[in-house]
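Below you'll find the structure, written out as structure tokens, and then a few comments.
The values are calculated or read from the model by the stated rules, or taken from the named source; none is laboratory data. All figures in this text were calculated on a predicted structure; none of them were measured in a lab. Reconstructed Cβ throughout: ideal geometry from the backbone, glycine too, with neighbour counts over all protein chains shown.
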Amino acid sequence: MDAPNPAAVEPAIAFEAVSVAFGRREVLRGLDFAVAPGSFVGVIGPNGAGKTTVLRLALGLVRPTRGAVRVLGQVVHRGSRALGYVPQSLAAEPDLPLRARDLVGLGLDGERWGLPLPSRTRRRRIDACLERVGALAYADEPVGTLSGGERQRLLIGQALLTDPQILLMDEPLANLDIRSGRAVIDLIATIARERQVTVLFVSHDVNPLVGVLDQVLYLADGRAVLGTVDQVVRSDVLSQLYGRPVEVVRVQGHILVFAGPDVVPLEHGELAAHGRTRSTAGHA
């Protein structure tokens with residue numbers, strides 16, 4: 001029997017000449033790429049590059065001005081349970097009367113009116129998900145008393161409760177310390193590998209993700225390029241993407257990106273203002 005043709009495999013997510021404009025401002029211009037099933041893709045770029053808009057397009061929350069977005073071969077629509085979404089963070093007051101398990105349970109019935117009916121099956125599913133993300137020990141604690149890393153695990157658990165084929169993560173490291181961020185990355189990488197889940201992971205900085213990425217989707221100036229880190233995070237590729245001279249340097253295992261002509265470092269993936277020097281340790 002002939003081996004299957006990889007090119008014939010339906011992409012998990014495909015953008016077909018997608019452009020998006022909000023009023024007179026064009027945020028994305030002609031994005032054309034396909035993400036293979038089971039891939040871990042880092043979505044990298046400066047503020048305002050359209051990273052969150054890419055996720056919202058995949059979720060069906062934003063419609064393209066031109067082009068089409070397909071998820072698992074179908075034109076995208078809102079409310080697909082094939083997609084799981086993890087927001088940047090969860091703000092909660094300490095006295096909020098919501099337990100950790102209740103927050104995770106919203107992934108099953110949060111879109112319905114009224115209180116969910118108790119059932120053993122529902123509880124087992126929630127407990128299994130809490131255990132999977134390492135949150136079972138604080139399942140009955142009020143959400144408002146938990147740390148940022150603990151809350152992020154709950155949000156991941158909530159997104160996984162319906163067994164999605166695609167997981168969209170919108171800057172989940174933004175409010176975490178290095179240790180908590182590393183734990184979240186390792187957790188998502190393990191889940192993606194074990195369940196063959198496709199992951200789009202938005203981040204300003206590519207460095208924490210380098211060890212787990214299959215590809216990087218780099219956005220700048222309304223455009224994007226998709227490929228491996230070595231294919232994309234290069235001086236020639238980023239210079240063309242940004243439309244100005246960019247230099248990529250690798251130092252002690254970290255990727256640093258500089259903008260010319262005066263070699264001004266980039267901070268958290270953003271093009272620094274001309275003539276202003278910033279810290280580059282661990283940033284891209």
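Taking the stated definitions as given, is residue 148 surrounded by fewer than 21 Cβ atoms within 10 Å (Cβ to Cβ), of a type outside the set (A, V, I, L, M), under 23 Å from the mean Cα position of the chain (by Cα) and modelled with pLDDT of 90 or more? So residue 148 does not fit the description; no. Could you tell me whether segment 10-30 includes any residue that is closer than 30 Å to residue 141 by Cα, crowded, with 22+ Cβ neighbours inside 10 Å and either of a type outside the set (Asp, Glu) or free of Cβ contacts under 8 Å to residues at least 12 places away in the same chain (or both)? No, segment 10-30 contains no residue that is closer than 30 Å to residue 141 by Cα, crowded, with 22+ Cβ neighbours inside 10 Å and either of a type outside the set (Asp, Glu) or free of Cβ contacts under 8 Å to residues at least 12 places away in the same chain (or both). Reported count of residues in segment 52-62, each being of a type in the set (Gly, Ala, Ser) and either part of a loop (DSSP other than H, G, I, E, B) or loosely packed, with under 15 Cβ neighbours inside 10 Å (or both), is 1.
Going by the structure shown, is residue 96 over 30 Å from residue 57 (Cβ atoms) and modelled with pLDDT under 80? Answer is yes for this residue. Taking the conditions exactly as written (closer than 13 Å to residue 170 by Cα and either part of a strand (DSSP E or B) or basic (Lys, Arg) (or both)), does residue 43 satisfy them or not? Judged against the criteria, residue 43 is a match. Considering every residue within segment 1-19, establish whether at least one is hydrophobic (A, V, I, L, M, F, W, C), touching a Gly at 6+ places or on another chain (Cβ under 6 Å) and either assigned to a loop (DSSP other than H, G, I, E, B) or at pLDDT 95 or above (or both). Within segment 1-19, one or more residues are hydrophobic (A, V, I, L, M, F, W, C), touching a Gly at 6+ places or on another chain (Cβ under 6 Å) and either assigned to a loop (DSSP other than H, G, I, E, B) or at pLDDT 95 or above (or both). In the condition set (1) among the hydrophobic types (A, V, I, L, M, F, W, C); (2) touching a Phe, Trp or Tyr at 6+ places or on another chain (Cβ under 6 Å); (3) at pLDDT below 95; (4) not in a helix (DSSP H, G or I), residue 192 is compliant with all but (4). The set of residues from segment 174-189 being part of a helix (DSSP H, G or I) and of a type outside the set (S, T, N, Q) comprises 178, 179, 181, 182, 183, 184, 185, 186, 187, 188, 189. Only one of the numbered conditions (1) out of contact with any Lys or Arg (no Cβ under 7 Å at 6 or more places or on another chain); (2) part of a helix (DSSP H, G or I); (3) modelled with pLDDT of 90 or more is violated by residue 107, and that is (3). Within segment 33-51, the set of residues being touching a strand residue (DSSP E or B) at 6+ places or on another chain (Cβ under 7 Å), under 28 Å from residue 195 (Cα atoms) and surrounded by fewer than 18 Cβ atoms within 10 Å (Cβ to Cβ) comprises 34, 37, 38.
Kindly indicate whether any position in segment 117-128 is under 13 Å from residue 156 (Cβ atoms), modelled with pLDDT of 90 or more and of a type in the set (Val, Ile, Thr). Looking for residues that are under 13 Å from residue 156 (Cβ atoms), modelled with pLDDT of 90 or more and of a type in the set (Val, Ile, Thr), one finds none in segment 117-128, hence no. Considering each residue of segment 157-175 in turn, at least one proves to be at pLDDT 90 or above, polar (S, T, N, Q) and closer than 30 Å to residue 36 by Cα. Taking residues in segment 242-266 that are on the phi < 0 side of the Ramachandran plot, and partners anywhere that are modelled with pLDDT of 80 or more and among the small types (Gly, Ala, Ser), the pairs with Cβ atoms closer than 7 Å and at least 6 places apart or on different chains are 242/220; 245/239; 246/235; 246/239; 247/235; 248/235.
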